[in-house]
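A.B. asks: Just dropping this structure here.
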Amino acid sequence: VGDDASTTAVTEATGPEVAPALSPDGATLVFQRGDSYGGRSEIVSRDLSSGNEIVVSGGVAPAIGPDGALAYARFAAPEDEPTTVVIEGAGADWIEVPIEGQPPPTVDRIAWDPEGDFFYVQTSTGGSDVSAIDLTSSDPHPMLVASESIRLAGSVLVAPSAREPGVLTAIRMCCGAPPDFNFTTAELVEIAGDPESGWGPVQKMIGIDDVLAPGPD
């Protein structure tokens with residue numbers, strides 16, 4: 001989408017194309033092409049000036065950091081869920097961080113903190129959690145962001161993003177349980193903190209009830 005609101009097709013899609021991420025210099029677009037189930041999606045890097053494409057890896061949820069490093073979730077095996085986060089390039093060299101659990105959680109989305117020292121990972125195993133991975137640590141591993149009280153109440157966090165350093169923005173949905181969930185409300189929240197000092201309480205910014213009138217559905 002241009003400054004004048006004009007639109008231009010970037011690719012001729014051969015499958016679903018989601019999660020676009022633009023490099024800091026605006027020269028490269030990275031996105032996920034294909035269905036993520038059963039290891040059928042891949043991470044594609046496209047040079048916007050030449051149109052040349054490179055398949056980076058099979059995986060999901062690409063995200064480019066402020067220094068140009070690429071993070072994405074890779075399949076451990078062709079039929080597995082994407083459970084290993086890979087960070088490559090722009091000084092990160094090559095880092096792999098397994099997202100462990102029983103059953104192994106699926107990586108749904110990755111969002112970098114604007115300072116680039118860590119990023120947030122949304123995972124799901126029936127519900128959803130948001131963790132942070134500290135790239136400055138000698139042992140990068142997922143650390144849950146939300147307090148235990150949120151999870152005990154049945155809330156989940158989805159759609160993580162970060163518009164300013166050290167502040168996670170997410171949608172908090174409450175309060176359902178698998179397999180039907182039946183969430184009754186959703187709200188945009190902010191959680192301030194970082195992997196070193198921890199995170200503070202969830203601060204509600206606006207809720208769906210604030211903008212939509214209640215109805216039978």
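A.B. asks: Quick check on my filter: what residues within segment 108-159 are of a type in the set (S, T, N, Q), within 18 Å of residue 65 (Cβ to Cβ) and assigned to a strand (DSSP E or B)?
C.D. replies: Once the filter is applied, which keeps residues that are of a type in the set (S, T, N, Q), within 18 Å of residue 65 (Cβ to Cβ) and assigned to a strand (DSSP E or B), segment 108-159 yields 122, 131.
A.B. asks: When the residues of segment 94-138 are narrowed to those that are open to solvent by 20 Å² or more (accessible area, probe 1.4 Å) and among the aliphatic types (A, V, I, L, M), which ends up nearest to residue 189 (Cα to Cα)?
C.D. replies: 135
A.B. asks: Checking the structure you have, find out if any residue of segment 49-63 is in a loop (DSSP other than H, G, I, E, B) and β-branched (Val, Ile, Thr).
C.D. replies: no
The values are calculated or read from the model by the stated rules, or taken from the named source; none is laboratory data. Because the structure is predicted, anything quoted here is derived from the model rather than measured. Quick reminder, even Gly has a Cβ in these numbers, built from the backbone with ideal geometry, and neighbours come from all protein chains shown. Quick note on the areas: whole protein, heavy atoms, side chains included, nothing else; ligands and nucleic acids left out. Shrake-Rupley method; radii C 1.70, N 1.55, O 1.52, S 1.80 Å.
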